[in-house]
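Read through the structure below, which is laid out as structure tokens, and then see the notes.
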Amino acid sequence: MAFNILLVDDSVTVRSVISKALHLAGVDINLLYQAANGLEALEILEAEWIDIVLCDISMPVMDGETLVRKMGENGMINSIPVVIVSSAGSEPRIQRLRDMGVRDYIQKPFTPERIREVVDSVMGVTKHA
Amino acid sequence: MRDQIVESVSATFLQVVEQLTYMFGEPADKGDILDVDGDYILAQMGFTGDVNGTLSIAVPSDCVAEIAANILGLEPEEMEASSMAPDSLGEMLNVICGHVIMAIAGKGADFGLGSPVIGPATPAFLAQAVEDSDWLGFLLEENLVLLGLVTE
């Protein structure tokens, strides 16, 4: 099954690196959307079908924590799984985000294999020998 | 105590840079090598929470494109690497900052990172950084890079 994936990060470098990592890892992608902050992400989430969100924490305009909270308040998008991709992943913050419904956390720098592992796990993709 | 922090920051910096850019480095005597009239780019980022302060990095401008190209998996001559170089330097600082804070304050520290601010480093700023003990020198594949950590 091919996924519609939304990347949310204010750094165009990170969005490019995650995009390449997803392709290198062989993640089955239908459409790849990009947003530079939480507000842009909300607009895309409310307009498009998104299967999974990969999101940074620290961003201008609207940060990742606020995005996750606003998604949780919106019944149309509150079931879309969110994975945090960040370097500011202290244990208290990760726990706070998990309590808000975030499904997993990827620490930067990451490998394509780690991205694949998390996407497969969150989306329930089973491995075939 | 200060020696332990310096050692921890140095090891963390070198490890993250290697993982992110595939560039190898080592601690260097900043005073012996730095050309303060050289063309350097300065990136700075504030952090707040259980620990507050600023992390800064000064990198020779030629090296910034190389860093960007390595992060993006491109050749330095490719246009995308050049145009994305400041953003890539900011992202490298972002990743270093997160790891450095956890190295000095522990994984249980609660903190937030600001947005990186990128611009040219003036000769006066570089000269001051050479004298300032809050700044460390590293040789990153023949490029002298300065890392400054100031905590409140």
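Just so it is clear, none of the values below were taken in a lab; they were calculated from the coordinates. The structure displayed is predicted, hence computed values, not measured ones. Positions of Cβ are backbone-derived with ideal geometry, glycine not excepted, and every protein chain shown enters the neighbour counts.
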From Cα coordinates alone, what are the radius of gyration and Dmax values for segment B:59-152 in angstrom?
14.6, 42
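If r is the Cβ-Cβ distance from B:Asp3 to B:Ser115 and R0 is 25 Å, what FRET efficiency results, to the nearest 0.05? Walk me through the intermediate numbers first.
On the way: r = 32 Å, r/R0 = 1.27.
Calculated transfer efficiency: 0.20.
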Share of antiparallel DSSP beta bridges in the protein assembly as shown, in percent to the nearest 5?
65 percent
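Exposed loop chymotrypsin sites (Phe, Trp or Tyr not before Pro) only (DSSP loop, at most 16 other Cβ atoms within 10 Å): please give the longest stretch of chain B free of them, not including the sites.
On the way: sites that count: B:Tyr22, B:Phe24.
Answer from the scan: B:25-152.
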Once you sort the root eigenvalues of the Cα gyration tensor of segment A:1-71 as a ≥ b ≥ c, which label holds: rounded (a/c under 1.5), prolate (a/b larger than b/c) or oblate (the other case)?
oblate
Rg and Dmax of segment B:1-92, Cα atoms, in Å?
14.5, 45
Within segment B:57-119, list the GluC sites (Glu not before Pro) lying in a DSSP loop whose Cβ has at most 15 other Cβ atoms in a 10 Å radius.
B:Glu77, B:Glu78
Going from the fewest other Cβ atoms within 10 Å to the most, one would list A:Val17, B:Val117 as B:Val117, A:Val17
Go through A:His23, B:Pro60, B:Met23 and say which Cα lies farthest out towards the positive end of the charge dipole of the protein assembly as shown; charges sit on Cβ, +1 for Lys and Arg, -1 for Asp and Glu.
A:His23
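Tell me, in nm to one decimal, what length is gained between A:Thr66 and A:His23 on full extension, where the rule is 0.36 nm per residue of separation less the Cα-Cα distance? Walk me through the intermediate numbers first.
Details: separation 43, 0.36 × 43 = 15.48 nm, distance 2.85 nm.
Taking 0.36 nm per residue and subtracting the Cα distance, the gain is 12.6 nm.
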Show that you can apply the helix-only estimate: for chain A, add -39,500 (n - 2.57) for every DSSP H stretch of four or more residues, divide by all residues, and state [θ] at 222 nm to the nearest 500.
-12500 deg cm²/dmol
If I model a spin label as a point 7 Å beyond the Cα along the Cα-Cβ vector, how far apart are those points for B:Ala11 and A:Ile44 in nm?
3.9 nm
Estimated vicinal HN-Hα couplings, Hz - segment B:91-98 in sequence order (Karplus 6.51, -1.76, 1.60; Gly, Pro = x):
5, 4, 5, 4, 5, 4, 4, x
Please report the Cα spread of the protein assembly as shown along all three principal axes, rounded to whole Å, starting with the longest.
59, 41, 38
Shielding of B:17-23 by partner chains, average beta-carbon count, 10 Å:
2
Asserting the computed 222 nm helical MRE of chain B (DSSP H runs at least 4 long, -39500 (n - 2.57) per run, divided by residue count, to nearest 500) equals -14500 deg cm²/dmol
Tabulate in residue order the Karplus-calculated ³J(HN,Hα) for segment B:122-139, using 6.51 cos²θ - 1.76 cosθ + 1.60 with θ = phi - 60°, rounded to whole Hz; enter x for Gly and Pro.
6, x, 5, 5, 5, 4, 5, 4, 5, 7, 7, 6, 6, 9, 10, x, 9, 9
Label-point gap, in nm, between A:Arg96 and B:Glu77 - each point 7 angstrom along Cα→Cβ:
4.8 nm
B:Lys107 versus B:Asp62, label points 7 Å from Cα toward the beta carbon: distance in nm?
4.1 nm
Potential extension, A:Asn4-A:Leu31 segment - 0.36 nm per residue separation minus Cα distance
9.3 nm
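Evaluated at 37 °C with a viscosity of 0.692 mPa s, what Stokes-Einstein diffusion coefficient in µm²/s does segment A:3-123 have when Rh comes from the Kirkwood expression over alpha-carbon pairs?
D = 235 µm²/s.
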